[in-house]
Structures are given as C-alpha cells and as structure tokens.
Amino acid sequence: KNEVEQSPQNLTAQEGEFITINCSYSVGISALHWLQQHPGGGIVSLFMLSSGKKKHGRLIATINIQEKHSSLHITASHPRDSAVYICAVIKGAQKLVFGQGTRLTINP
Amino acid sequence: DTAVSQTPKYLVTQMGNDKSIKCEQNLGHDTMYWYKQDSKKFLKIMFSYNNKELIINETVPNRFSPKSPDKAHLNLHINSLELGDSAVYFCASRAGTGGYHIYFGEGSWLTVV
C-alpha cells in the first residue's frame, strides 16, 4: 500500500462543477504539496501546506494534520483545469513521497 | 529565463548505451532532486542533493550515477541502459529542507530501444 493515496484516480466533470480531490497519507510529514501536471508533461507546484487552508484563485487546498488528510477543491471548473493533480508529502526534511495522481477531465 | 532546465528533452537510444541528462537551476536553491515517472505516471524519488552532497539515494541501480559539480547543477549519468529505464526523468529544486515550494524541470523523455 502506498504511503500516499489519492481518490478518485480519474474524474470527469462538466464545466462549472465543483471539484474535490482527496489525499490521505500514513506517515509523519513536515508539509504537503499539491502539484499539477498538464498533458505536455510539465509539473507545477500549486500549494504547499503544513496546516489549515490556502486559496489561490479558484483553487482551495486544505489539510487536517490529525486526520492525515488533505483536499484540493476547484470552484467553477474550466476545461483548462484538465490535468493530473498529484499530492506529495514531505517525509522528514527532504524526501517527497507522491500519490498516484488524479486525472481530471473537464468537458465544455 | 527557465528556473529549472533539463537537457535533452527527448532521448532515444539503444540498449547498452551510456547517456547523460543535465539539469541546471538558476534559483539559488540548495537542494536538487532527480525523480523518475514511470509509464503509469507514478513519480518516485531517485536522488536528492543538498549543497552538492548526496542526501537521498533511493535504492536506484548503481548504473545511475548523479553528479553535482556545484549547487546549481545536478546531472544524471546512466550506464548500460536497459529497456526498463525508459521513463520521464524530472529534475527539481527547493530552497532548502522542510517547507519550501518545489520547482520542476520540464522533464526528459528517455526511450531505450
């Protein structure tokens, strides 16, 4: 079993829908990243969280350290949000451990 | 200017060859990484360097040898390439340990035939 589990693995929705992607982890962490990987392959860090909640535009990320759970929400989803979203935890000081990714497709 | 740049972006080579992938970051970061993304798109750490010192070596075959001539560069040399080495290799950097954003290169697509 992976130390970082994401759900769902695949998600298809209509433009405008509210999207939630979940991440659960089983190890002690110092922080958690949400990453976005577009079809072209580049990876961008969307958020880095160690507690609470962060918001950037239509994206919101939350983390509950006690429950070892994080969620990424997208409000008013758009086809350009279609990508793979990856949860990654920082284990110890250096090591990133990745979830398997959630492939999101937003249809117009 | 690209913050983390990798070359080459695409590499097709025959089994048994030796190849290198170069990585440079212009962010002044202390920590650099190599990650491998397999055909199922699962990312896994290979190496981590902090100020030119090897910090993490994740049970990678010793055919893979990272080299960090200075803290802005982390190159990956692969000897005796095998079919299973075909993957996308990502270089990344962070300002330090703990809670810092991570910046990825665009990836190097390696195909071994």
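The values are calculated or read from the model by the stated rules, or taken from the named source; none is laboratory data. Please read these numbers as outputs of a predicted model, since none were measured by experiment. All Cβ positions, glycine included, derive from the backbone under ideal geometry; neighbour counts span all protein chains shown. These accessible areas exclude ligands, DNA and RNA; they are computed on the full protein's heavy atoms, side chains included. Shrake-Rupley method; radii C 1.70, N 1.55, O 1.52, S 1.80 Å.
What are the residues in segment A:1-50 that are touching a Pro at 6+ places or on another chain (Cβ under 9 Å) and within 15 Å of A:Arg80 (Cβ to Cβ), if any?
Within segment A:1-50, A:Gln14, A:Glu15 qualify.
Among the residues of segment B:5-35, which ones are part of a strand (DSSP E or B) and within 19 Å of B:Asn57 (Cβ to Cβ)?
Within segment B:5-35, B:Ser20, B:Ile21, B:Cys23, B:Thr31, B:Met32, B:Tyr33, B:Trp34, B:Tyr35 qualify.
Identify, please: which residue in segment B:45-68 is in a strand (DSSP E or B), at pLDDT below 90 and open to solvent by 60 Å² or more (accessible area, probe 1.4 Å) and is, among those, nearest to B:Ile78 (Cα to Cα)?
B:Asn57
How do the strands (runs of 3 or more DSSP E) wholly within segment A:12-108 filter down when requiring 2 or more residues that are open to solvent by less than 30 Å² (accessible area, probe 1.4 Å): which remain?
Because the criterion is at least 2 residues that are open to solvent by less than 30 Å² (accessible area, probe 1.4 Å), the strands (runs of 3 or more DSSP E) in segment A:12-108 that meet it are A:19-25, A:31-37, A:43-49, A:59-64, A:69-74, A:83-91, A:95-98, A:102-107.
Can you spot a residue in segment B:82-92 that is within 12 Å of B:His29 (Cβ to Cβ) and either in contact with a Ser or Thr (Cβ under 7 Å, 6 or more places away or on another chain) or open to solvent by 60 Å² or more (accessible area, probe 1.4 Å) (or both)?
There is no residue in segment B:82-92 that is within 12 Å of B:His29 (Cβ to Cβ) and either in contact with a Ser or Thr (Cβ under 7 Å, 6 or more places away or on another chain) or open to solvent by 60 Å² or more (accessible area, probe 1.4 Å) (or both).
Count, please, the residues in segment A:1-11 that happen to be open to solvent by less than 40 Å² (accessible area, probe 1.4 Å) and more than 27 Å from A:Pro108 (Cβ to Cβ).
So the count comes out to 1.
Whether any residue in segment A:47-54 is at pLDDT 95 or above and away from chain B (no Cβ under 14 Å) is what I want to check.
yes
Return a yes/no flag: does segment B:71-92 have any residue that is modelled with pLDDT under 90, farther than 22 Å from A:Gly40 by Cα and within 13 Å of chain A (Cβ to nearest Cβ).
The answer is no, given that none of the residues of segment B:71-92 is modelled with pLDDT under 90, farther than 22 Å from A:Gly40 by Cα and within 13 Å of chain A (Cβ to nearest Cβ).
Within segment B:20-31, which residues are of a type outside the set (S, T, N, Q) and away from chain A (no Cβ under 11 Å)?
Correct list: B:Ile21, B:Lys22, B:Cys23, B:Glu24, B:Leu27, B:Gly28, B:His29.
For segment B:14-62, name all the residues that are under 30 Å from A:Arg103 (Cα atoms) and of a type in the set (Val, Ile, Thr).
Answer for segment B:14-62, where residues must be under 30 Å from A:Arg103 (Cα atoms) and of a type in the set (Val, Ile, Thr): B:Ile21, B:Thr31, B:Ile45, B:Ile56, B:Thr59, B:Val60.
Any idea which residue in segment B:40-57 is farthest from B:Ser68 (Cα to Cα), counting only those that are among the aromatic types (Phe, Trp, Tyr) and more than 7 Å from every other protein chain (Cβ to nearest Cβ)?
My answer is B:Phe47.
For segment B:34-44, how many residues are surrounded by 18 or more Cβ atoms within 10 Å (Cβ to Cβ) and of a type in the set (Phe, Trp, Tyr)?
Final tally of qualifying residues: 2.
Among the residues of segment A:63-102, write down those that are within 8 Å of chain B (Cβ to nearest Cβ), touching a residue at least 24 places away in the same chain (Cβ under 8 Å) and either more than 16 Å from A:Trp34 (Cβ to Cβ) or touching a Pro at 6+ places or on another chain (Cβ under 6 Å) (or both).
Matches in segment A:63-102: A:Ala93 only.
With respect to B:Thr13, determine if the residue is more than 13 Å from chain A (Cβ to nearest Cβ), touching a Lys or Arg at 6+ places or on another chain (Cβ under 6 Å), surrounded by fewer than 20 Cβ atoms within 10 Å (Cβ to Cβ) and more than 30 Å from A:Leu49 (Cβ to Cβ).
When the stated conditions are applied, B:Thr13 passes them.
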